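Visitor: Please read through the structure below; I'll follow up with questions.
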Amino acid sequence: MSDTVLSQLARVLEARKHSSADDSYVSSLHHKGLNKILEKVGEESIETILAARDAEVSGNNDKLIYETADLWFHTLVMLSHLGEDADAVLCELERRFDLSGLEEKAQRK
């Protein structure tokens, strides 16, 4: 799968960012500000974690996929609010390809 979906979503999020808050969920989040967006990211993070625990027990990943999509969506709204998009994150992930996780972590210090 390519990043086409992320690119399309980034365009939609940017367009809706400037829509009426009465007509767009994304716009309503932007109008409420960063703290509301962060609250949604936190809420979706917890729901994703709980869905992962349930998936391990049940063997059914459907809810995990659903909650992860919500988490990614709200994270993209957060990035958009701060003037970034998925491309910045994809570039950072690409930068890390030839770097071990332990090495990358050591470089942060």
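Visitor: Just to be sure before I move on: is residue 70 of a type in the set (Asp, Glu), assigned to a helix (DSSP H, G or I) and surrounded by 15 or more Cβ atoms within 10 Å (Cβ to Cβ) in the structure I sent?
Guide: yes
Visitor: So, residue 28, is that one outside any helix (DSSP H, G or I), open to solvent by less than 100 Å² (accessible area, probe 1.4 Å) and not basic (Lys, Arg) or not?
Guide: Answer is no for this residue.
Results for (1) over 12 Å from the mean Cα position of the chain (by Cα); (2) not charged (D, E, K, R), shown as yes or no for each residue.
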residue: 24; (1), (2): yes, yes
residue: 47; (1), (2): yes, no
residue: 59; (1), (2): yes, yes
residue: 62; (1), (2): yes, no
residue: 82; (1), (2): yes, yes
residue: 86; (1), (2): no, yes
residue: 99; (1), (2): yes, yes
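Visitor: Here is a further query. Across segment 73-97, which residue is farthest from residue 7 (Cα to Cα) among those that are open to solvent by 70 Å² or more (accessible area, probe 1.4 Å) and part of a helix (DSSP H, G or I)?
Guide: Step by step, filter segment 73-97, then rank; the result is 95.
Visitor: Separate question: So, of the residues in segment 44-67 that are charged (D, E, K, R) and open to solvent by 70 Å² or more (accessible area, probe 1.4 Å), which turns out to be nearest to residue 78 (Cα to Cα)?
Guide: Among residues in segment 44-67 that are charged (D, E, K, R) and open to solvent by 70 Å² or more (accessible area, probe 1.4 Å), the one nearest to residue 78 (Cα to Cα) is 63.
The values are calculated or read from the model by the stated rules, or taken from the named source; none is laboratory data. Model, not experiment: these values are computed from the prediction. Note that we place each Cβ from the backbone using ideal geometry, even for glycine, and neighbour counts take in every protein chain shown. Surface areas here come from the heavy atoms of the whole protein model, side chains and all, with no ligands, DNA or RNA. Shrake-Rupley method; radii C 1.70, N 1.55, O 1.52, S 1.80 Å.
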